1. Give me Asp68, Asp165, Asp146 sorted ascending by neighbouring Cβ count inside 10 Å, so fewest comes first.
2. P(r) for region 50-118, please, calculated from all Cα pair distances in 5 Å bins and given in %.
3. Going Cα to Cα from Lys102, which aspartates and glutamates come in below 14 Å? Please leave out same-chain ones fewer than 8 positions away.
4. Got a sec? How would Met54, Met21 order by Cβ neighbour count within 10 Å, fewest to most?
5. Volume per residue, Å³, of the convex hull around the alpha-carbon atoms of region 117-165?
6. Using a Förster distance of 30 Å, how high is the FRET efficiency between Val122 and Ile94, based on the Cβ-Cβ distance and rounded to 0.05?
7. Please compute the modelled spin-label separation between Ser45 and Asn18, points set 7 Å along Cα→Cβ, answer in nm with one decimal.
Amino acid sequence: MKKSEKRKGKAAVANRKNQFMKYAVTGTAAIVILIAIGFFFLNPSGAKTGDTVMVYYTGTFDNGSVFDANLDRDPLVFTLGNKSVIPGFEEALIGMRVNETKTVHIPVDKAYGPHLERLVHVLNRSALPADMVPEVGGIYGVTRSDGAIARVKIIDVTADNVTIDENHLLAGQNLTFTIRFAGFYQG
């Protein structure tokens, strides 16, 4: 074999090695990118107890009428597991991923509970401040005997008595929420 043929052979081998290295680097980069994309989009983990989350929601009654929504306000921010929202709402968020939206029906027992008659009281009007003019449907803050402040709704007014209801305004209602998990709060 001539010297020139050996050089050409070595050059061809070197070219093949360089080409192989280019393919190896390109292939490795493609695999890393695919793994990153797969992790980001296919990661099954979502919101869990202890996470502080941000959500947008629309709440409706069984008849479809809206009782509350925050779509045009700041997101609701709370920590899952600290019981600052109704149980059914919190349970619906567990496992949700960022930007996921779902609609959930929350029965009375996972919402604000049943309407309790023991929280309806008849008061003598003389127990009210003299300048207060109670109106049916009015909502007031009152200090209970244990020092806690309760929101009460006046449900009846007579010449001698005022009937108030200490139940939450949504007690006894099945609720439906459309929830969009906006993200994790990093504040």
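1. With the fewest neighbours first, Asp68, Asp165, Asp146 line up as Asp146, Asp68, Asp165.
2. The calculated distribution, bin by bin, is 3, 14, 24, 28, 19, 8, 3, 1, 0.
3. Cross-link targets: Glu90, Glu91.
4. So the ranking, lowest neighbour count to highest, is Met21, Met54.
5. 81
6. Calculated transfer efficiency: 0.10.
7. Inter-label distance under the simple model: 4.4 nm.
Each value in this text was obtained by applying a stated rule to the coordinates, not by laboratory testing. For clarity, every value in this text was computed on a predicted model and none was experimentally measured. All Cβ positions, even for glycine, are placed from backbone atoms using ideal geometry, and neighbour counts span all protein chains on display.
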